[in-house]
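Trainee: What follows is a structure written as structure tokens; I'll ask about it next.
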Amino acid sequence: AQSVTQLDSHVSVSEGTPVLLRCNYSSSYSPSLFWYVQHPNKGLQLLLKYTSAATLVKGINGFEAEFKKSETSFHLTKPSAHMSDAAEYFCVVSLPNTGFQKLVFGTGTRLLVSP
Amino acid sequence: DGGITQSPKYLFRKEGQNVTLSCEQNLNHDAMYWYRQDPGQGLRLIYYSQIVNDFQKGDIAEGYSVSREKKESFPLTVTSAQKNPTAFYLCASMQGAGTDTQYFGPGTRLTVL
């Protein structure tokens, strides 16, 4: 069965320092993977997605993620955190070949950014 | 502006009452989805619809019902049979399938008093 594990429920960084949010996936197939961001009491916004093209995926707001099949990982990084990055981040895998897109969500990582 | 709207933003319900959450999209997307979000958990799929007049149960459909009479609208009814309805509800839509992107509405927070 397809699943994702977000290894940290909370990550705290200082403004201007690098961000690393960790995600491991489990999939019997070559997966499609996504990172979404959610600000408080808001909907989700797509940051980036991996669909079996380039393994290094660049997203919006300076975020990027690298698909590593050997490690079954899809960690999200940003070189320098900004206060506006404080939010909840979800790693998501898409189930394949089901005739529709079914997303399986991780439990989320809350990013805290201090001045 | 194209997008997905959900109303109301906040909803309070007494136990034993049914309530309907609205979801409208003007993106001309075929597929629409309803998710439930609880604190500390990821989103869970309630219902989805790939085309007008057709919808399927997701992972946690018990106590919920939907309709899809128009392409742009996918209302969700939370019935009195739903044992723990207090949650944040998110609607999403998507044009195709597979690796396409789901676009999310701003959500409705339902509280049962």
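Trainee: Could you derive backbone 3J(HN,Hα) for region A:80-94 from the dihedral phi with the Karplus parameters 6.51, -1.76 and 1.60 (θ = phi - 60°), listing whole Hz in sequence and x where the residue is Gly or Pro?
Mentor: With the stated coefficients, region A:80-94 comes to 8, 6, 10, 3, 6, 7, 4, 5, 9, 10, 10, 8, 9, 10, 9 Hz.
Trainee: Which GluC sites (Glu not before Pro) in region A:38-74 sit in a loop by DSSP (not H, G, I, E or B) and have at most 14 other Cβ atoms within 10 Å of their own Cβ?
Mentor: Qualifying residues, ordered by number: A:Glu71.
Trainee: Next up: Which residue fluctuates the most in chain A, going by a Gaussian network model with Cα springs under 10 Å, if the choices are A:Lys58, A:Lys102, A:Lys42?
Mentor: Checking each option, the largest mean-square fluctuation is seen for A:Lys42.
Trainee: Further question: Distance from a point 7 Å along Cα→Cβ of B:Leu27 to each backbone N in region B:82-113: keep the residues under 14 Å and list them by number.
Mentor: B:90-107
Trainee: Could you check the simple spin-label distance between B:Glu15 and A:Thr55, using points 7 Å along Cα→Cβ, in nm with one decimal?
Mentor: 5.5
Trainee: Amide H to amide H, which residues 5 or more places from A:Asp8 or on other chains are under 5 Å from it, using H placed in the peptide plane?
Mentor: Counting only residues 5 or more places away or on other chains, the set is A:Arg22.
Trainee: Per-residue Cβ counts within 10 Å, from other chains only, averaged over A:37-46: what number is that?
Mentor: 5
Trainee: Between A:Ala54, A:Ala65, A:Ala86, which gets the highest mean-square fluctuation from a Gaussian network model of chain A, Cα cutoff 10 Å?
Mentor: Of the options given, A:Ala54 has the highest mean-square fluctuation.
Trainee: Taking the Cβ of each residue in A:Met83, B:Met32 as the centre, tally the other Cβ atoms inside 10 Å and list the residues starting with the fewest.
Mentor: Result, fewest neighbours first: A:Met83, B:Met32.
Trainee: Okay, moving on. Whole-Hz ³J(HN,Hα) for each residue in region A:27-34, computed from phi via Karplus 6.51 cos²θ - 1.76 cosθ + 1.60 with θ = phi - 60°, x for glycine and proline: what do you get?
Mentor: Couplings: 7, 7, 10, 6, x, 9, 10, 9 Hz.
Trainee: If you add up the charges near A:Thr77, with Lys and Arg at +1 and Asp and Glu at -1, over every other residue whose beta carbon is less than 11 angstrom from its beta carbon, what do you get?
Mentor: +1
Trainee: Testing the spin-label approximation: label points 7 Å from Cα along Cα→Cβ at A:Ser70 and B:Ser7. State their distance in nm.
Mentor: 5.5
Trainee: Further question on the same structure: How would chain A be classified by its alpha-carbon gyration tensor: rounded, prolate or oblate, with rounded meaning a/c under 1.5 and the a/b versus b/c comparison settling the rest?
Mentor: prolate
Trainee: How would you classify region B:38-101 from its alpha-carbon gyration tensor, with a ≥ b ≥ c the square roots of the eigenvalues: rounded for a/c under 1.5, else prolate if a/b is greater than b/c, otherwise oblate?
Mentor: oblate
Every read-out reported here was derived from the displayed coordinates using simple, explicitly stated rules and does not represent laboratory data. Given the structure is predicted, the values throughout are model-derived calculations rather than measurements. Don't worry about glycine lacking a Cβ; one is built from the backbone with ideal geometry, like all the others, and counts go over all protein chains shown.
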